[in-house]
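Please read the structure below before turning to the comments.
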Amino acid sequence: MRRSTNIRREYMKPSIADLSEQISEAHRAIRPQVPETPLEYSAGLSRLTGCEVHLKCEHLQRTGSFKFRGASNKLIRHHASMRERGVITASSGNHGLGVALAGRTLGIAVSVYAPADASPAKMEAIRMAGAQVIQVPGDALAAELAASRQSSLTGQSYVPPYNDADVIAGQGTIATEMLRQESGFDAVFVSVGGGGLISGIGSAFKTWSPDTRIVGCWPANAPSLHASLAAGRIIEVQEIDTISDGTAGGIEPGAITFEICQQVIDEVVLVTEEQIKKAMRLLALHERWMVEGAAGVALGAMLQCSPYFRGKKVAVVLCGRNISLEKYLEAIGTSYQA
């Protein structure tokens, strides 16, 4: 069970127009370090749902996750000032791995603070990417607090997982690619944790394809930002375990993603654990792809909403693949047959 953070920081809140300009800049800046990922038409899922289904393959991105985009943009923009002291971040998974690889590529030392019970496999992957891993007692909040304190003590730059305009702009390059690869989307389904991914994608679509509906997708077990948006303010939410661990956890007070999400999200969908697992299994069945729970959330939401988009062109962002084989097999083994 996790709760929202109580770290308080002051952030500049960029407008949608400002973010769109930053996304365009990031689209140029991150090449060739960050490769473009495919946008694939799924004949099987289209036939199943009656929609024209396109899959944005961020699970094929370097590090196996979209997080490499935002981390790379942040470090590329500020690498000159970061090289002397290095950077610090807090993560137990995809964000830490993205920062680690971006830092290694740019010659920037990276320290990643993680909770003591973080996945040993994920910690080893972060170390293999060249970062120092510091595990601390407690949960994800304890790791973030420790990283924040260390950043203040040492003067090392802190690289947030979502609450940062450079990071959001990096994630928004996904939409820039999608709009070059295909046109006329009626809806785009995006899984939501802290809101960095949908803030970037949503800002780009609102600027360059305003008729496209942006659908925010949450696991029903971990709906922190969803509940905050419904309340009109950031609130603490009790969460329970979810296979979509990449979207679990709370939202910082004052997070810039809150106001951006208020502007860019058109529809919201909550997805049960069984629906997430079914979506993961369907991707394996129709596309032969193994994805993590957060990717299953977006597809699960699209499957749930497919009657409303029958005959329409929709896109699903498959945000990552970093799940252990054991956990994946357990998930698809317990999901019912398609």
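The values are calculated or read from the model by the stated rules, or taken from the named source; none is laboratory data. Keep in mind it's a predicted model, so treat the numbers as computed, not measured. As a convention, Cβ positions derive from the backbone with ideal geometry for all residues, glycine included, and neighbour counts pool all protein chains shown.
Observations
- Filtered residues of the stretch 38-82 (kept if closer than 24 Å to SER148 by Cβ, modelled with pLDDT of 95 or more, polar (S, T, N, Q) and part of a helix (DSSP H, G or I)): THR63, SER72, ASN73
The rows are residues; the columns are (1) in a helix (DSSP H, G or I); (2) at negative phi; (3) modelled with pLDDT of 95 or more; (4) outside the structural domain of ARG310 (by TED's automatic domain parsing).
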residue	(1), (2), (3), (4)
SER152	yes, yes, no, yes
ILE168	yes, yes, yes, no
GLY193	no, yes, no, no
GLY202	yes, yes, yes, no
ASP211	no, yes, yes, no
ILE214	no, yes, yes, no
ALA222	no, yes, no, no
ALA227	yes, yes, yes, no
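- Filter result (farther than 21 Å from LEU325 by Cα, in contact (Cβ under 8 Å) with a residue 24 or more places away in the chain and assigned to a loop (DSSP other than H, G, I, E, B)) within the stretch 83-108: ARG83, ARG85, GLY86, GLY107, ILE108
- Qualifying residue in the stretch 33-43 (condition: among the hydrophobic types (A, V, I, L, M, F, W, C), assigned by TED's automatic domain parsing to the domain that holds THR154 and closer than 19 Å to THR176 by Cβ): no
- Residues within the stretch 229-242 that are modelled with pLDDT of 95 or more and surrounded by 17 or more Cβ atoms within 10 Å (Cβ to Cβ), tallied: 1
- Test for VAL297: is it at pLDDT 95 or above, outside any helix (DSSP H, G or I) and within 17 Å of LEU318 (Cα to Cα): no
- Of the criteria (1) in a helix (DSSP H, G or I); (2) among the polar types (S, T, N, Q); (3) within 17 Å of the chain's Cα centre (by Cα), which one ASN163 fails: (1)
- When LEU55, LEU75 are checked against the criterion of being in contact (Cβ under 8 Å) with a residue 12 or more places away in the chain, crowded, with 22+ Cβ neighbours inside 10 Å and not assigned by TED's automatic domain parsing to the domain that holds VAL291, LEU75 stands alone in meeting it.
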